[in-house]
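The values are calculated or read from the model by the stated rules, or taken from the named source; none is laboratory data. Since the structure is predicted, the reported quantities are computational estimates derived from the model, not experimental observations. Ideal geometry is used to build each Cβ from the backbone, glycine not excepted, and the neighbour counts take in all protein chains shown.
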Amino acid sequence: MSNRLYYMKVFFLQYKTFIVLGIAVFVLGFLAAAAVFRGPRVPKTERDFTDALETGRQLFNHKRYDEAFEYLVYPAEHGYPAARFMLGEMYYNGLGVAKDLGRAFEYYKASADRMLESKYMAASMGFRGETKQLPKGVATTYLTEAAYHGYKRAQNDLGIYSLMSGDFEQAYFWLSVAGGGASERAKKALETAASKLSGYQRGLLDVEIQGFVNGK
């Protein structure tokens, strides 16, 4: 046996415990890092799902969409409407995932009963022809419900659509309730609707609008 091999053998025998321990620590560290890299663990309890939703929401708000998706997908599948809405937004706008209007509509529709934002987006996709799964009648119902419950974008859109269909009283009502505020288009639409009505008609509608606003 050469001197080099002899000393290597002696060194190993003397420090065997430290060498084995070092290898074990390295392996455990590697496995832990791999677990973190794979993303969040699969939630099992309601607390887990709630925590995943909150983490996903924070990542979404910070525009870290790739990471947000990994957390939000679990509460979304478990029925959490806020998670479904955020995934709808991601698929609709192509944020962290490939843009997919079909998937976006599925998530919006699935959370429409609990989220005004989802109800509005599902209705908007129907009106824009971005989905064939929502008849115009249902889209109108969705938009009206969102408007009635105070969602400003729905109120503005409903006012504009009413103006386009020649229903000037409805247009004036909803655009006034919304404050005519969201866009220049909405402001001009309100002015146009007002010009199509008599002072008497506007007066009656103003009383109705005030009552609606105060009732909210």
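Matching residues to (1) at pLDDT 50 or above; (2) surrounded by 12 or more Cβ atoms within 10 Å (Cβ to Cβ); (3) closer than 30 Å to residue 138 by Cβ:
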{"residue": "26", "(1), (2), (3)": "no, no, no"}
{"residue": "31", "(1), (2), (3)": "no, no, no"}
{"residue": "46", "(1), (2), (3)": "yes, no, no"}
{"residue": "50", "(1), (2), (3)": "yes, yes, no"}
{"residue": "63", "(1), (2), (3)": "yes, no, no"}
{"residue": "72", "(1), (2), (3)": "yes, yes, yes"}
{"residue": "98", "(1), (2), (3)": "yes, no, yes"}
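Which residues, taken from the range 138-178, are of a type outside the set (A, V, I, L, M) and buried (at least 22 other Cβ atoms within 10 Å of the Cβ)?
Within the range 138-178, 142, 155, 156, 157, 159, 172, 173, 174, 176 meet the criteria.
I'm trying to understand the selection: among the residues of the range 79-96, which are within 8 Å of the chain's Cα centre (by Cα) and of a type in the set (A, V, I, L, M)?
82, 83, 86, 87, 90
Given the conditions (1) at pLDDT 95 or above; (2) farther than 30 Å from residue 147 by Cβ; (3) among the charged types (D, E, K, R), and given that residue 4 satisfies all but one, which numbered condition is not satisfied?
Going through (1) at pLDDT 95 or above; (2) farther than 30 Å from residue 147 by Cβ; (3) among the charged types (D, E, K, R) one by one, residue 4 breaks only (1).
Here's a check for you: in the range 170-181, which residue that is of a type outside the set (S, T, N, Q) and in contact with a helix residue (DSSP H, G or I) (Cβ under 6 Å, 6 or more places away or on another chain) is modelled with the lowest pLDDT?
180
Among the residues of the range 158-195, write down those that are touching a Gly at 6+ places or on another chain (Cβ under 9 Å) and not in a helix (DSSP H, G or I).
178, 180, listed by residue number.
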